Amino acid sequence: MARSRARPAEGARPAHVGLRGSIAFRLAVGYALLVAAAMATLSAIVYFGTVGVFERSIDNKITTVEAHLVDSWSVDGRPGLVREIDAQLHDLIDTDTEVVGLVDAGGHLLAGNLGRWTGDLPPSGALAFGRMLRNGVPVSVRVVATRLDDGSRLIVGRDLIELDAIRSVVERALGVSAGVSVLLAFFGAQIFRSRLEARIGRIRRTTARIAAGELSSRIVVMGNDEFARLGDDINRMLDRIEALMDGVRHVSNSIAHDLRTPLSRVRSRLDRALQASTDPDALVADARLAIEDIDSVISLFDKLLQIAALESGVRAGTFERLDLAAIAHDMTELYEAAADEQGVTLRFTGLPTTIRGDRDLLASALASLIDNAIKYGRSGGRVDVAVALADGAPTLTVRDYGPGVPLEDMDKITRRFYRVDQSRHLPGNGLGLSTVAAITQLHEGTLALRRAAPGFEACMTFPPP
């Protein structure tokens, strides 16, 4: 037997996503680059905060000694300068790193400890780096040269052995820390990516189960971060979808049930009419009854279409300022005769209250509530209709004093076609409160239903105009 293979939906993305297409990978790379940039900045601060400080300290010492020796030249000439150079080199202060020399125009050393210079002597008046032989070993030095009046030059500087050692230690430390930072950034990015993919994976697995038909599956919410809030939002959406699906199944079952009875009656009467075709009066009577049954089916579909139109908000553009109390008073008067026939006292109380809405829809909703109150609460002998303000919000309340609604049915009575067991023998199709709820929602209001003990109360609350 040949098997058909399921084809992916058109436009669906493949389940496997490469690294470039993975947001988790891109975020992990961004995290690693951010850590690397932070470590590079910190390393630069440490380097220039240590080696740079030493360099500036050396430069200050060099310029201080150079100024002092120039002063000696100005006061005592060359003999005084030579004596001051000798004193400077034997004062036991930085004598192992000091470089001081007086050279003539030909570059011959006249005084001091200046070793053989590699290359040309530095230009006068500027600090410069250079190399010279000291104790037979080439070393790096930092010097400043000053040309004197007799053509000789004064060289003052510092041996950079200590600075080079400090720079080497700092550079090795920064190199090690950079390597460690790269490793930490890499493993941190991997951990970040794995945790992110795990959180997203739980959501994807849940949606896959739901797509496979497990509508009761929900995302496991942990913590209070963005993923937890996203999981809550998705779970609420799934709860709503599941409730809507249950409602659709219930409506489908109810429509099938409510259509079966009148259609069966129509068929039975048409069949009886065919059998009694020789009796014109019986034929007319059966045809009239069949038409009535068909009209009831049409009325049922009209109510369903009305609820759908209300839920889509297509009539919100016809709203105007209305007196809610006037509408309630008119509907109370309209139903007084029907209430009297059932032995029910219908009473209205309220003062003028303005809202924005559709007069016909509000009258239709109130008619459904009053009709239900008279029909199901007539044993109480009284129905109250009231218009009032509750914390500035207009309210319309209808209460009967009959047996009320069982507690287990309270959260179901606004479903389409739902009917309480004790009322199934009475005429109706279970769409009255569904229509009232849709009209209230269209007016941005709320419908509150409660057991009044005795009786049942429905309260529509509207926003202030």
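The values are calculated or read from the model by the stated rules, or taken from the named source; none is laboratory data. This structure is a prediction, so every number in the text was calculated from the model and none was measured. Reconstructed Cβ throughout: ideal geometry from the backbone, glycine too, with neighbour counts over all protein chains shown. Accessible surface areas use protein heavy atoms only, side chains included; no ligands, DNA or RNA. Shrake-Rupley method; radii C 1.70, N 1.55, O 1.52, S 1.80 Å.
Out of segment 74-91, which residues are without any contact (Cβ under 8 Å) to a residue 12 or more places away in the chain and either within 18 Å of residue 151 (Cα to Cα) or not in a helix (DSSP H, G or I) (or both)? Full working, then the answer.
Here is the first cut: in segment 74-91, the ones without any contact (Cβ under 8 Å) to a residue 12 or more places away in the chain are 74-77, 79-80, 83, 87, 90-91.
The answer is 74, 75, 76, 77, 79, 80, 90, 91.
All but one of (1) at pLDDT 70 or above; (2) surrounded by 11 or more Cβ atoms within 10 Å (Cβ to Cβ) hold for residue 240; state the number of the condition that does not hold.
(2)
Is it the case, given these coordinates, that residue 371 is touching a residue at least 60 places away in the same chain (Cβ under 8 Å), closer than 19 Å to residue 432 by Cβ, touching a helix residue (DSSP H, G or I) at 6+ places or on another chain (Cβ under 9 Å) and surrounded by 15 or more Cβ atoms within 10 Å (Cβ to Cβ)? Before you say what the answer is, go through the steps one by one.
Values: touching a residue at least 60 places away in the same chain (Cβ under 8 Å): yes; closer than 19 Å to residue 432 by Cβ: yes; touching a helix residue (DSSP H, G or I) at 6+ places or on another chain (Cβ under 9 Å): yes; surrounded by 15 or more Cβ atoms within 10 Å (Cβ to Cβ): yes.
When the stated conditions are applied, residue 371 passes them.
Among residues belonging to segment 331-362 that are among the hydrophobic types (A, V, I, L, M, F, W, C) and crowded, with 17+ Cβ neighbours inside 10 Å, point out the one that is modelled with the lowest pLDDT.
361
Give 110, 121 a once-over and let me know the one that is assigned to a loop (DSSP other than H, G, I, E, B), aliphatic (A, V, I, L, M) and surrounded by 15 or more Cβ atoms within 10 Å (Cβ to Cβ). Write out each step before concluding.
Values: 110 fails: assigned to a loop (DSSP other than H, G, I, E, B).
The match here is 121.
Can you pull out every residue in segment 30-62 that is more than 45 Å from the chain's Cα centre (by Cα) and either open to solvent by 60 Å² or more (accessible area, probe 1.4 Å) or in contact (Cβ under 8 Å) with a residue 40 or more places away in the chain (or both)?
First, the residues of segment 30-62 that are more than 45 Å from the chain's Cα centre (by Cα): 50-62.
If the condition is that a residue be more than 45 Å from the chain's Cα centre (by Cα) and either open to solvent by 60 Å² or more (accessible area, probe 1.4 Å) or in contact (Cβ under 8 Å) with a residue 40 or more places away in the chain (or both), then 50, 51, 53, 54, 55, 56, 58, 59, 60, 61, 62 are the ones that fit.
Quick one: residue 167 ticks every box in (1) touching a helix residue (DSSP H, G or I) at 6+ places or on another chain (Cβ under 6 Å); (2) farther than 30 Å from residue 35 by Cα; (3) of a type outside the set (Gly, Ala, Ser); (4) at pLDDT below 85 except a single one, so which number is it?
(2)
Looking at 205, 236, 193, 218, which one is touching a helix residue (DSSP H, G or I) at 6+ places or on another chain (Cβ under 8 Å), more than 30 Å from residue 95 (Cβ to Cβ), of a type in the set (Lys, Arg) and assigned to a helix (DSSP H, G or I)? Show your work before the answer.
Details: 205 fails: touching a helix residue (DSSP H, G or I) at 6+ places or on another chain (Cβ under 8 Å); 236 fails: touching a helix residue (DSSP H, G or I) at 6+ places or on another chain (Cβ under 8 Å); 218 fails: assigned to a helix (DSSP H, G or I).
None of the others qualify; the one that does is 193.
Any residue in segment 155-170 that's over 15 Å from residue 141 (Cβ atoms): show its pairings with residues that are open to solvent by 20 Å² or more (accessible area, probe 1.4 Å) and among the hydrophobic types (A, V, I, L, M, F, W, C) at Cβ separation under 9 Å, as long as the two are six or more apart or on different chains.
What qualifies is 166/54; 170/46.
Taking interchain pairs and intrachain pairs at least six residues apart, which have beta carbon atoms under 9 angstrom, with the first residue in segment 212-231 and among the polar types (S, T, N, Q) and the second outside any loop (DSSP other than H, G, I, E, B) and at pLDDT below 80?
Between residues of segment 212-231 that are among the polar types (S, T, N, Q) and residues that are outside any loop (DSSP other than H, G, I, E, B) and at pLDDT below 80, the close pairs are 216/242.
Taking the condition open to solvent by 90 Å² or more (accessible area, probe 1.4 Å) and over 30 Å from residue 57 (Cα atoms), does residue 184 pass? Outline the logic, then answer.
Numbers: open to solvent by 90 Å² or more (accessible area, probe 1.4 Å): yes; over 30 Å from residue 57 (Cα atoms): yes.
Yes; evaluated as a whole, the condition is true for this residue.
Specify which of the listed residues (94, 71, 164) is touching a strand residue (DSSP E or B) at 6+ places or on another chain (Cβ under 8 Å), open to solvent by 40 Å² or more (accessible area, probe 1.4 Å), in a helix (DSSP H, G or I) and not polar (S, T, N, Q).
Within the list 94, 71, 164, the selection yields 164.
Suppose we filter segment 156-199 for residues that are among the β-branched types (Val, Ile, Thr) and over 30 Å from residue 126 (Cβ atoms); how many remain?
Of the residues in segment 156-199, the ones among the β-branched types (Val, Ile, Thr) are 156, 161, 166, 169-170, 176, 180, 182, 191.
Now narrow it down to the ones that are over 30 Å from residue 126 (Cβ atoms): 176, 180, 182, 191.
Qualifying residue count, segment 156-199: 4.
Within segment 27-65, track down each residue that is farther than 20 Å from residue 177 by Cβ, in contact with a helix residue (DSSP H, G or I) (Cβ under 8 Å, 6 or more places away or on another chain) and not β-branched (Val, Ile, Thr).
At the first step, the residues of segment 27-65 found to be farther than 20 Å from residue 177 by Cβ are 27-30, 55-65.
Checking which are in contact with a helix residue (DSSP H, G or I) (Cβ under 8 Å, 6 or more places away or on another chain) leaves us with 27-29, 55, 58, 65.
Across segment 27-65, the qualifying residues are 27, 28, 55.
Quick one: in segment 388-438, which of the residues that are polar (S, T, N, Q) and assigned to a loop (DSSP other than H, G, I, E, B) is modelled with the lowest pLDDT? Even if it seems obvious, please write down each step before you answer.
The first filter runs over segment 388-438 and keeps only residues polar (S, T, N, Q), leaving 395, 397, 414, 422-423, 429, 434-435.
This time we only want the ones that are assigned to a loop (DSSP other than H, G, I, E, B), so: 414, 429.
Working: 414: 68, 429: 60.
The qualifying residue modelled with the lowest pLDDT is 429.
Restricting attention to segment 278-301, which residues are at pLDDT 70 or above and either among the acidic types (Asp, Glu) or in contact with an Asp or Glu (Cβ under 8 Å, 6 or more places away or on another chain) (or both)?
281, 286, 292, 293, 295
Looking at segment 10-19, is at least one residue of a type in the set (A, V, I, L, M, F, W, C), at pLDDT below 75 and surrounded by 10 or more Cβ atoms within 10 Å (Cβ to Cβ)?
Filtering segment 10-19 down to residues of a type in the set (A, V, I, L, M, F, W, C) leaves 12, 15, 17, 19.
Then keep just the ones that are at pLDDT below 75; that gives 12, 15, 17, 19.
Applying the additional criterion that residues be surrounded by 10 or more Cβ atoms within 10 Å (Cβ to Cβ) yields 17, 19.
Scanning segment 10-19, I find at least one residue that is of a type in the set (A, V, I, L, M, F, W, C), at pLDDT below 75 and surrounded by 10 or more Cβ atoms within 10 Å (Cβ to Cβ), so the answer is yes.
Test of understanding: among 209, 204, 153, which residue is in contact with a strand residue (DSSP E or B) (Cβ under 8 Å, 6 or more places away or on another chain) and either open to solvent by 70 Å² or more (accessible area, probe 1.4 Å) or within 30 Å of residue 121 (Cβ to Cβ) (or both)?
On the way: 209 fails: in contact with a strand residue (DSSP E or B) (Cβ under 8 Å, 6 or more places away or on another chain); 204 fails: in contact with a strand residue (DSSP E or B) (Cβ under 8 Å, 6 or more places away or on another chain).
None of the others qualify; the one that does is 153.
Do the conditions hold for residue 130, that is, is it over 60 Å from the mean Cα position of the chain (by Cα) and open to solvent by 50 Å² or more (accessible area, probe 1.4 Å)?
Taking the combined requirement at face value, the residue does not satisfy it.
I need the full set of residues from segment 343-357 which are in a loop (DSSP other than H, G, I, E, B) and touching a Leu at 6+ places or on another chain (Cβ under 8 Å), in order please. Explain how you work it out, then say what you get.
The first filter runs over segment 343-357 and keeps only residues in a loop (DSSP other than H, G, I, E, B), leaving 343-344, 351-353.
The one that is in a loop (DSSP other than H, G, I, E, B) and touching a Leu at 6+ places or on another chain (Cβ under 8 Å): 353.
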